[in-house]
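The values are calculated or read from the model by the stated rules, or taken from the named source; none is laboratory data. For clarity, every value in this text was computed on a predicted model and none was experimentally measured. We place every Cβ from the backbone using ideal geometry, glycine too, and count neighbours over all the protein chains shown. These area figures cover heavy atoms from the full protein model, side chains too; ligands, DNA and RNA do not enter into them. Shrake-Rupley method; radii C 1.70, N 1.55, O 1.52, S 1.80 Å.
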Amino acid sequence: MAAEYKLELRNICKSFPGVRALDGVNLALRKGTVHALVGENGAGKSTLMKILDGVHQPDEGQILLDGKAITIASPIEARRYGIAMIFQELTYVPDLTLAENLCLGDWPRGKYGVDWAALRKNAVELLRKEGLSYPHDTLMRSLSVSDIQMIEILKAVNHNAQIVIMDEPTSALTDREVENLFEKIADLKSRGVAIVYISHKMDEIFRIADDVTVLRDGQYIKTMPIGEVTEDELIELMVGRKLENQFPKEAVPLGEEVLRVEELRVDGVFQDINFHLRAGEIIGFFGLMGAGRTEIMRAIFGLDRYDGGHIFIEGKKTGNRSVAESVRSGVAMLTEDRRRSGIIPMRSVKENTTISSLGRYYRSGRYYKARELQEVSAACASMNVKTPSLDTHISTLSGGNQQKVLLARWLLCEPRVLILDEPTRGIDVGAKKEIYQLMTEFARKGNGIIMVSSEMPEVIGMCDRIYVLHEGRLTGELAREQFSQQAIMNLAIQ
């Protein structure tokens, strides 16, 4: 008799130094279905999937494939069992080509080593089959985050896997790319593939999932068909409490202008950018992928040089030709890609928190260690960072907790202007609200925030004004009383 489930994980337990990551977790996947795995950041979702992918070994518990107990000793062995995983933090080799990355770990062999002709042919055919127009010899480092994510998805399904794990796969995709992904998921389901789908986006879960399992603090809470639970009930199961007032925006008295940008341009990328930001204000920047949102913020922060225009901080003109100058001027920026331009993976939580404000703890050749520990502890506590200790490598934390550490880093610099580029990407609903509350508190203290987001509900819910971009140009500015999804989208597609 055929097994009822394609794969089962029973009573899985896993501990790391100082933390019990999983404690008796169960998961059962049916063939040809999408099984959503949900929970707050740090709930154990990624750890459970890394056990299924062979990255970690469980301390206790059992894994059954088609009803038979198996041991998955490595990711290579996971592939042999037909298991493929797309990680939230994209795993690719920047200086290899797209074709080489698509076959990574399984390059075709010829008589004298790698069969390069076969490798290129395989990539071209795969890209054509999936309707993607990327040249096969493109270096991965030249691609955008969304491009890389699409290639990683393609790589994962390239080997006819029977179980595909997707960890936040839409975090950097456009609406059209999300639709392409959902079409691919439907195709995989029709072929009998079981899919584990990890996401904090409730609309996606209720759209594509058949079943849902909830984890909280490393423990199994409940599994149910998606049709038997509402969004509010699911969120309550995830966070262990009712979550009300999702966007805690407050009316804050506005002060003097803290930032003005005039005629800013980077040739071939964006031009004629004019806007201002007042103390106590949160302004949003919205646009479809490729509109130039991130590029504008990078130029303001000094990550990229601009070709023309002026930037004024509290009325004073600044060149902002470097990040150091920006920070000294009172500007800080949380970038959209924490892996490539945020965290320092092999450094501790403490080091990642203080890397931009070390001058606070070194004076006249003396190191004020006690002050550093006190301020880092307070900053991480205020952000509710879940970590075994401040000496833990930041790479071992969940994506949401890494994001909180990066926010703590910039708040220690005491900026007047905080640029947040996709601040809630890959963040659970509970942590999102904590970040929104932090934004409100920061604005209440007389500072200004620029929030770049591809999630329309959060820019509507948290901003005082919204600037909309299309192909490198500002197409409109909306006051709060003018906010609507239709008004924003009309400006975004002009």
Q. Which far-off residues, 5 or more places away or on another chain, put their amide H under 5 Å from the one on HIS470, with H placed in the peptide plane?
A. THR475
**Q.** Lys pairs under 16 Å by Cα in the range 380-462, provided they are eight or more residues apart or on distinct chains
**A.** 5
(Q) On a 18 Å Cα-Cα criterion, which of the cross-link pairs LYS31/LYS68; LYS68/LYS184; LYS45/LYS222 come out too long? (A) LYS68/LYS184
Q | Karplus 3J(HN,Hα) series, Hz, for the range 300-310 with 6.51 cos²θ - 1.76 cosθ + 1.60 (x for Gly, Pro) | A | 4, 7, x, 6, 10, 7, 10, 8, x, x, 9
Q | Cα gyration tensor, the range 191-298 - rounded (a/c under 1.5), prolate or oblate | A | oblate
Q. What percent antiparallel are the DSSP beta bridges of the chain, to the nearest 5?
A. 60
Q. Considering amide H positions built from the backbone, and no H for Pro or chain starts, which residues 5 or more places from LEU259, or on another chain, come under 5 Å of its amide H?
A. LEU277, GLU314
(Q) How high is the relative contact order of the range 220-355? Use alpha-carbon pairs under 8 Å, at least six apart in sequence, and give a whole percent. (A) 18
**Q.** the chain, accessible surface, carbon-and-sulfur percent (1.4 angstrom probe)
**A.** 48
Q | Within the chain, longest stretch clear of exposed trypsin sites (Lys or Arg not before Pro) (DSSP loop, no more than 13 other Cβ within 10 Å) | A | 322-444
Q.
Rounded to whole Å, give me the distance from the Cα center of the range 212-270 to that of the range 151-195.
A. 24
Q | ³J(HN,Hα), Karplus 6.51/-1.76/1.60, whole Hz, each residue of the range 354-362, x for Gly, Pro | A | 9, 4, 9, 9, 4, x, 5, 10, 10
**Q.** Average Cα contact separation per residue, the chain, under 8 Å, 6 or more apart, as relative contact order %
**A.** 16
Q | Å² of accessible area per residue within the chain, as computed with a 1.4 Å probe and no ligands counted | A | 44
**Q.** the range 130-194 shape via C-alpha gyration tensor axes, a/c threshold 1.5
**A.** prolate
Q) With the Cα gyration tensor of the range 1-67 giving a ≥ b ≥ c as the square roots of its eigenvalues, does the rule (a/c under 1.5 for rounded; else a/b larger than b/c for prolate; else oblate) give rounded, prolate or oblate? A) prolate
Q.
Through the Karplus equation 6.51 cos²θ - 1.76 cosθ + 1.60, θ set to phi - 60°, convert the phi angles of the range 268-279 into ³J(HN,Hα) values in whole Hz; use x for Gly and Pro.
A. x, 10, 8, 7, 6, 8, 10, 6, 9, 9, 9, 4
